[in-house]
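All of the numbers you see were taken from the coordinates with simple rules; none came from a lab. All figures in this text were calculated on a predicted structure; none of them were measured in a lab. Don't worry about glycine lacking a Cβ; one is built from the backbone with ideal geometry, like all the others, and counts go over all protein chains shown.
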Amino acid sequence: MGQLCREHGVGYHLDGARLWNAHIATGVSLEAYGRLFDTVSVCFSKGLGAPVGSVLVSTAENIARARVMRKRLGGGWRQAGLLAAACLYALDHHLQRLADDHAAARIFAEAVAACVPAAVGPDTVETNVVVIDTGAAPATPIAVAAAERGVQVSALGPYMIRAVTHLDVTADNCGWAGQLVGKLLSG
């Protein structure tokens, strides 16, 4: 795909919102992923816990063009240093702990599977995202019922829901939430 994009003069971009999770789960270096693309954006708020923030990584030439485009589109913030400090803190203190989120996601999946084995295979959960097959039960009412009980999941389609773990939920929270979702699925 990257070669096809380059042959047609179009850059090949990775929206790396969950790139940190892929790196921690697989052990593949960020550099190895990055080499496959012309530009990569990484997010500091998803998983790493910074309040906001993302960066674009590329060649000096591409970054210069991106800065021009950002200014043309009205982007820019003089007070960005404060948020940059939060991003640096997140990199220094939260990157390796993403493995805890991955383990908590497996705990969630195991709890769901204990109630409804066909809903999710815990061994398929590699990062902090759990996709659950609701079977014949419509996903949206399950997501709404879970939210009413304090568990936020998203309907991905008519019969799938998604749960995402992060630093604000513990493994115990995930076990309880998985049981709740499993009970909702089982009727």
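Data table
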read-out: Label-to-label distance, nm, for residues given as Ile63 and Asp123 (7 Å Cα→Cβ offset); value: 4.4 nm
read-out: Rg(Cα)/(2.2 N^0.38 Å) for segment 23-66, N = residue count; value: 1.29
read-out: Whole-angstrom gap from segment 153-187 to segment 97-133, using each part's C-alpha centre; value: 9 Å
read-out: Relative contact order (percent, whole number), the chain, Cα cutoff 8 Å, 6+ residue spacing; value: 19 percent
read-out: Residues of segment 13-28 with amide N under 18 Å of the 7 Å Cα→Cβ point at Val52; value: 17
read-out: In Å, descending, principal axis extents of the Cα set of the chain; value: 56, 39, 33
read-out: Counting DSSP beta bridges with both ends in the chain, the antiparallel % (nearest 5); value: 75 percent
read-out: R0 of 35 Å, Cβ-Cβ distance Tyr12-Ala171: FRET efficiency to nearest 0.05; value: 0.40
read-out: Using alpha-carbon coordinates, inclination of helix 171-186 to the longest axis of the chain, degrees; value: 60 degrees
read-out: Label point distance in nm, Ala85-Arg149, each placed 7 Å from Cα along Cα→Cβ; value: 4.3 nm
read-out: Crossing angle, helix 98-115 versus the chain [Cα axis fit, 0-90 degrees, rounded to tens]; value: 30 degrees
read-out: Helix 139-148 axis, angle to the chain major axis (alpha carbon atoms, nearest 10°); value: 80 degrees
